[in-house]
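Bear in mind that the values in this text are calculations on the coordinates, not laboratory data. Worth saying up front: this structure is predicted, and the values here are computed from it rather than measured. Here Cβ is always computed from backbone atoms with ideal geometry, including for glycine, and neighbour counts include all displayed protein chains.
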Amino acid sequence: MDRIDLTRFPMTKISGFGRYPTSPARIMPVWEDFEITRALKARGDFKFLARGTGLSYGDASLNRNNVCVSMRSMDRVLGFDHANGIIHVEAGVTLREILSFVIPKGWFLPVTPGTAHPSIGGSVACDVHGKSKLPMHNYIRRLHMILADGSPIVCSPSENPDLFFATVGGMGLTGIITSVELELQSIKSSWVRYEGTRAANLDEIFSQFKDADDWPMTVAWIDCVARGAKLGRSIMMKGRFAEPGDLKKGREPLCVPRKLKLAVPFDFPSFTLNKLTVSAFNMLYNGKHPKRLETIMDYDSFFYPLDAIAHWNRIYGRPGLLQYQFLIPPEQGFEGVKSVLEMIAATGKASFLAVLKKFGPMQNQGLLSFPTPGYFIALDFPYGNGSILEQMELWDKRVLEYGGRLYLTKDARMSRETFRAMYPRVDEFLSVKAKYDPDCVFRSDMAYRLGLVQRERRV
Ligand SMILES: Cc1cc2nc3c(=O)[nH]c(=O)nc-3n(C[C@H](O)[C@H](O)[C@H](O)COP(=O)(O)OP(=O)(O)OC[C@H]3O[C@@H](n4cnc5c(N)ncnc54)[C@H](O)[C@@H]3O)c2cc1C
């Protein structure tokens, strides 16, 4: 096998979706498994990290002064069992590409985050969740990976299960996922029967969540600027896939919509943000969305409303954005969410719109996977907004008091101590990492920040 000179890949400054922080790395595109093996065998002092589409918000896909293996060109469908809805895809295939392939055949992703642009490999490494009830790893049959020594390995809940449960939600630190075998869900139409209701405050939205258990897909949009009696006013969104008989005449049941996309062509000055976004929620809440709305909509509008605007992160201006996504366990869900939201609203810095979601009963064996039963909220903040970092540390403390945690995929700033307190299985994760990656070849800027690897950079 030819040796490969890793210094020939130019150093490039990259960031995640939040555009904060940025970090230089050598970006190495790969098309085939053997290229990854060859590079790992020639690694010298270099540390490695897989990178998908870079849509995690913070520093999870950054690898300062080291190698980011860009998986995006590994984008082939390797197999499809039409009868049972099992697809085998390379890790760089995006969720949108999977949907375009499987919808016409009567299948859909079992879980999808709020954007269809991420790679499947990255979505597994983040163990993403969405409007449905369980996170991604529940639907994985097998993962095909390459370990630090360049050797291939397969894992699943029954085959090398320690590696499997460290890899789902493991943020790329156990090895490189090269392909994924995934169970799909069967659909008769790709249209969604939608029911939306307004809730005047947090009390109302929590009781609406309690009554919504028989809907397979739920989420609420919540106004984080409202305070006092209006704290938590929101729109509850419930959905289930429609039957062909529900559709208007002429509508193709298994259709993949092709929509014109708008784009934010340049960075907005940061000060435009609040005015713009606050009025957008008010318009939605007071104007466009009636007290109760029932309709049938295409899946893109239901699952991916933000994908209709390309590069919307640019409205946060050049400094970028931070997302704060916290979860509070169910017993104290209401009090915990209320308490943290009050702190956030009091700063006057909240994004206008946040997502609120309830995770129902589940057992999650993923060692660093985020979803556990409870309620979570995800809010965006412009970075560089005065004392936002200090404020977030105070919120972290409150989240911890309620036994909660933050989502690594969205994080760019939590401390090592906070992380350890929120993720009690860190030491188990580290011992699996030591077994499969004894020289700590896989690292990221996030892993260093959180104390999961010791060495900061190649010198
Ligand atoms: C607008 C928007 C909405 C979102 N909504 C949600 C949501 O509703 N729910 C949710 O859970 N998430 C959500 N996210 C987060 C998003 O789903 C994840 O960040 C994304 O799935 C990660 O995939 P990626 O290809 O972009 O990975 P990257 O960002 O490139 O990488 C993320 C992590 O995965 C690792 N990784 C990537 N590829 C591989 C591989 N092949 N092998 C091993 N490790 C790998 C990287 O090392 C890194 O640690 C949202 C993000 C955006 C921008």
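What does the C-alpha gyration tensor say about the overall shape of the range 327-434? Classify as rounded when a/c is under 1.5, otherwise prolate if a/b is larger than b/c, or oblate.
Judged from the Cα gyration tensor, the range 327-434 comes out oblate (a/c at least 1.5, b/c at or above a/b).
For a quick check: sort LYS433, LYS349, LYS105 by the number of other beta carbons within 10 angstrom, fewest at the front.
With the sparsest Cβ surroundings first, the list reads LYS105, LYS349, LYS433.
Assuming 0.36 nm per residue, please report the length gained on full extension of the stretch LYS435 to HIS311 beyond their Cα-Cα distance.
Stretched fully, the LYS435-HIS311 segment lengthens by 40.7 nm.
Amide H neighbours of ARG142 under 5 Å, at least 5 residues apart or on other chains, H built in the peptide plane: list them.
So ARG142 has HN proximity to GLU181.
How tilted is helix 272-282 with respect to the longest principal axis of the chain? Cα atoms for both, answer in degrees (0 to 90, nearest 10).
Around 50 degrees separate the two axes.
Relative contact order of the chain, please, whole-number percent, based on alpha carbon pairs below 8 angstrom and at least 6 residues apart.
Details: 1036 pairs, mean separation 83.5, N = 459.
Dividing the mean separation by the residue count of the chain yields 18 percent.
Compute the long axis of helix 426-436 from its Cα atoms, compare it with the longest principal axis of the Cα atoms of the chain, and write down the angle in degrees, 0 to 90, nearest 10.
Approximately 40 degrees, to the nearest 10.
Ordered by residue, what ³J(HN,Hα) values in Hz, to whole numbers, does the range 240-246 give under the Karplus form 6.51 cos²θ - 1.76 cosθ + 1.60, where θ = phi - 60° and Gly and Pro are x?
8, 5, 6, 8, x, x, 7
Using helices alone, what [θ] at 222 nm do you get for the chain, with -39,500 (n - 2.57) per DSSP H run of 4 or more residues, divided over all residues and rounded to the nearest 500?
Numbers: 12 runs with 107 residues, N = 459.
Using -39500 (n - 2.57) per qualifying helix, the result is -6500 deg cm²/dmol.
Test of understanding: ordering LYS47, LYS188 by Cβ neighbours within 10 Å, fewest first, what list do you get?
Taking fewest neighbouring Cβ atoms as first place, the list is LYS188, LYS47.
Taking amide H positions as placed 1.01 Å from N in the peptide plane, with prolines and chain starts having none, which residues 5 or more places from TRP107, or on another chain, fall under 5 Å of its amide H?
For TRP107, the qualifying residues are ILE187.
Say the cut-off is 28 Å between C-alpha atoms; which of LYS105/LYS433; LYS105/LYS358; LYS230/LYS349; LYS248/LYS291; LYS131/LYS410 go over it?
The answer is LYS105/LYS433; LYS105/LYS358.
Considering the options ALA345, TYR194, ASN364, tell which one lies farthest towards the positive end of the dipole of the chain, charges being +1 on Lys and Arg and -1 on Asp and Glu at the Cβ, about the Cα centre.
ALA345
Ranking SER70, SER234 by Cβ neighbours within 10 Å, fewest first, what do you get?
By the 10 Å Cβ count, ascending: SER70, SER234.
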